[in-house]
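As structure tokens, the structure follows; a few thoughts come after it.
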Amino acid sequence: MADEVTLSIHRGTQESGSMVEYKVPRQPGMVILDAVHSVQAMHAPDLACRWNCKAGKCGSCSGEVNGKPRLMCMDRVDKYPAGETITVRPMKTFPIIKDLVTDVSWNYEVNKKIPPFKPKAGTDWKFSQEEANRIQEFRKCIECFLCQDVCHVLRDHSKKEKFGGPRFLVRAASLEMHPIDDDDRLEVVRKELGVGLCNITKCCTEVCPEHIHITDNAIIPLKERVVDRHYDPVLWLWRKVTGKG
Amino acid sequence: MNKYEQHEYDVMVVGAGGAGLRAAIEASAHGAKTALVCKSLLGKAHTVMAEGGVAAALASADARDSWQVHFRDTMRGGNFLNQWRMAQLHAQEAPDRVRELQEWGAVFDRTKDGGILQRNFGGHTYPRLAHVGDRTGLEMIRTLQDKGIHQGIDVFMECTIRSLLKDGDRVAGGFGYWRETGRFVLFNAKAVVLATGGIGRCWEISSNSWEYTADGHAMAMWAGADLVDMEFIQFHPTGMVWPPSVRGTLITEGVRGEGGVLKNKDGERFMFRNIPEMFRGDYAETEEEADRWVASVIANERPDARRPPELLKRDVVARAIRREVIAGRGSPHGGVFLDIASKRTPEEIVRKLPGMYHQFKELADVDITKDPMEVGPTCHYMMGGVRVNPETQESTVPGLFAAGEVSGGMHGANRLGGNSLSDLLVFGKRAGEFAAKHAKGMDSFPSINQGEVESFAREALGPFDPAEGENPYTIHEDLRTMMQRRVGIVRSEDDLRFALEELGRLRERAGRVKSGGNIQYNPGWHLALDLWNMIDISEAVTRAALTRTESRGGHTREDFPETDKEWGKRNLVIRKPGDEIIVAEEPLAPMPEDLQALVNKAD
């Protein structure tokens, strides 16, 4: 029926879960998160789902809608063909706690490995908007972890021990490119975050709801800086194929 | 040995928005073993949604600014009901707190000579809001978060504190549960800082997230602390009104700060006829003058015109919008029009207001570089809260501190935009510092009363008991609809009395709530428990609103439309000593003459 939305939502834990179908009334402008909230209110009060701002600013409600990584609060229901069931699953890269909620604590551990901002001694704190622009792009990140979710190195190869993921390469870049910063994080970027494992397929850039040019503006410049000190075969190949850099 | 997981800390901070993070950083810097306990993941608290900026008299965009002018603006904004010492400390210390954020890595937008750029905002005499486009709150929370994780603070994410524990008169810690497992957890702490934010989930149309369920306000009241100014709720003038999915979602005041204008359906800029007596002479009186002001702001020059009346303080603008809608001059979906497209180029709009641009494009199918937005008031901020010592942020309960939105006094009857982020920093720091000092002054941990813990545990499991019972979402929805209608922007004795009766019925229904499911990550159960906070605090608001028989700031009485000088000498204090919530009138603290002279200037 056109005035209804049918959702198939993951219910259960990592060990035992299944897809359960729900129908809720369709509202103008409805987003997937609204539909999930309607399911909670009408059918399943205990359906677990994270959310906060409901305006694409906090990055809490990440999930996979019809298999695509999305912020549920910014994903319009009317984008999907009427009458077709919409599937909503938790992010695949992280262990499921319950229903749509995953354990993302690993990300917070990676963040701790990155040395904090260290201002130059005696700085007058003056820098231009143009200098600011470069890192403000990275600082738009809302930590939705969709880039981590979609990254092959983490999603398909489970290399969480060796690779920090796009989110934290972006964070490292925001510090490395800060005009007042005086630290050197390249060894951390190479060893701890494993920048060399990124094979620049740009999947992270494609899913970023903040439209950060993760690969081009953060990861490749970091790879270049690292390669100035160490040899990186992927970057060598990239240069060979594209003639760039 | 212990039945429940238990932790010992010098300082426990509840809430990890701007105030909680800043308090935890400071407590930890003073050598206190510090726990930061938050309901959501770190970095997702309400601060992240703040858009426009942080107010501080840095005087980098206009050299005439000073703490004295900021103080005066804040007091006028609050209709002089503010705790003057808090307003003074806030104005004096905000610039250092903002510079400190920069030193911790925050990247504010820049002036031409490379300093911190400041933008105009409602009620602020000079451009005063340091900002990052329209995502200042994100910049602030991320900066504090990244500072905090290297500071040795223990963070307890997705852990909800339900009740404060007491040892005699003083605070002894908190009782709560892990959202993931539903297991109970006890914190034994020498000092507790509440930084739990606001109460906006009690209203239907609200810019607030699920977290804003009045936890801190209720826990403090239950623990015997005084609340103050509870009748003053800020309805932000510009929330989205269409489609229903985004009704109430915030549109930053920065849109008006960047030149946006409000129009009714006849295309009239109605704010010109809505300038209150107190502000007459301070605002442009013709469109030509207002346009000249915008032109100078765009050109980065000192304006020779007065500012547009769209930049009046929030309570004034919200009421004016409501009047237009009621008079039948509203937009198709019951708001008015906010137009920036005719004032700035598309490139400027996308650069200065990227969040607003995407929000409207993706959620409302409106291109704000071409068409006006439809806007209307949305419940946004609680001025009232825990009554604190202005220097230390300690409540009337020894060892219990409060900072940010959960505390009261700083903003009086109405908060100026931008004064919230600065409030979080200034008083978050103070609360952390004095909580750490309080803890240092104690030789041993306060003792925990196991009987009290057991009664909290029983109470918390209540919603699993009934075989038959009501859905928590239904009760919550009914509460929100009722508060919106009866205790909204404009109130009357009849409505408020009706609300009190209704709250009694809702309390009974909440006693029969059934959450369903099990204790693991169960939002139905969490909401069932939150109903108690929301119903009690809604009653506190309603009783205060009934007592104050005048209109002032965020409290408007249809039956008492005038501002009354006598009421301007008194705050209302709320207490719950037994089963009843009671209201007491207390005189304002007398203001020193030099500050009084600042406030009186040119009035």
(request) Sticking with the crude label model, points 7 Å out along Cα→Cβ, report the distance from B:THR181 to A:GLU224 in nm, one decimal please. (result) 4.9 nm
(request) Using the Karplus curve 6.51 cos²θ - 1.76 cosθ + 1.60 with θ = phi - 60°, work out ³J(HN,Hα) for each residue of the stretch B:448-463 in order, rounded to whole Hz, and write x for Gly and Pro. (result) 9, 8, 5, x, 4, 4, 4, 6, 4, 5, 4, 4, 5, 8, x, x
(message) Taking the Cα centre as origin and putting +1 on Lys and Arg beta-carbons and -1 on Asp and Glu beta-carbons, what dipole magnitude results for the stretch B:237-384, to the nearest 20 debye?
(response) 400 debye
(request) Highest first, please rank the peptides B:308-314, B:512-518 by the mean number of other Cβ atoms sitting within 10 Å of their residues. (result) B:308-314, B:512-518
(message) Test of understanding: in a Gaussian network model of chain A with alpha carbons linked when under 10 Å, which of A:ARG229, A:ARG50, A:ARG139 would top the mean-square fluctuation ranking?
(response) A:ARG229
(request) Subtract the Cα-Cα distance of B:PHE272 and B:THR345 from 0.36 nm times their separation in residues, and report this length gain in nm to one decimal. (result) 23.9 nm
(message) Run the simple label-point estimate for B:LYS437 and A:SER16 please: 7 Å along Cα→C-beta, distance reported in nm.
(response) 5.7 nm
(message) Under the 0.36 nm per residue contour assumption, what length would be gained going from the current alpha-carbon distance of B:LYS565 and B:SER447 to full extension?
(response) 37.8 nm
(message) For the pairs A:LYS191/A:LYS223; B:LYS39/B:LYS576; B:LYS44/B:LYS147, flag any whose C-alpha to C-alpha distance is greater than 18 Å.
(response) B:LYS39/B:LYS576
(message) Taking 8 Å as the Cα distance limit and 6 or more residues as the minimum spacing, I'd like the relative contact order of chain A as a percentage.
(response) 16 percent
(request) Treating the Cα atoms of chain B as identical point scatterers in vacuum, please give the log10 of the normalised Debye intensity I(q)/I(0) at q = 0.06, 0.07, 0.09, 0.11 Å⁻¹, two decimals. (result) -0.28, -0.39, -0.66, -1.01
(message) Between the stretch B:78-101 and the stretch A:149-210, how far is it from one alpha carbon centroid to the other, in angstrom?
(response) 40 Å
(message) Residues of the stretch B:438-462 with the amide nitrogen closer than 18 Å to a label point 7 Å from the Cα of B:GLN6, along Cα-to-Cβ, please.
(response) B:443-458
(message) What lysines does B:LYS265 reach when the alpha-carbon gap must be under 19 Å and sequence neighbours fewer than 8 apart in one chain are set aside?
(response) B:LYS343, B:LYS370
(message) Below 8 Å, C-alpha to C-alpha, sequence gap of six or more: please give me the relative contact order for the stretch A:105-242 in percent.
(response) 28 percent
(message) Going through the cross-link list A:LYS92/A:LYS202; A:LYS140/B:LYS361; A:LYS113/A:LYS140; A:LYS112/B:LYS352; A:LYS57/B:LYS361, which pairs have a Cα-Cα distance over 25 Å in this structure?
(response) A:LYS112/B:LYS352
(message) Can you give the FRET efficiency to the nearest 0.05 for B:THR111 and B:ALA467, using r as the Cβ-Cβ distance and R₀ = 45 Å?
(response) 0.10
(request) Could you let me know the centre-to-centre spacing of the stretch A:80-100 and the stretch B:572-603, using Cα atoms, in angstrom? (result) 52 Å
(request) Evaluate the distance, in nm, between pseudo-label points positioned 7 Å from the Cα of B:THR481 and of B:LYS370 along their respective Cα→Cβ axes. (result) 3.8 nm
(message) What whole-number distance in Å separates the alpha-carbon centres of the stretch B:197-219 and the stretch B:379-430?
(response) 15 Å
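Read the figures in this text as sums done on the coordinates, not as results from a lab. Keep in mind that this is a model prediction, so the values were computed, not measured. For neighbour counting, all protein chains shown are included, and Cβ atoms are generated from backbone atoms with ideal geometry for every residue, glycine included.
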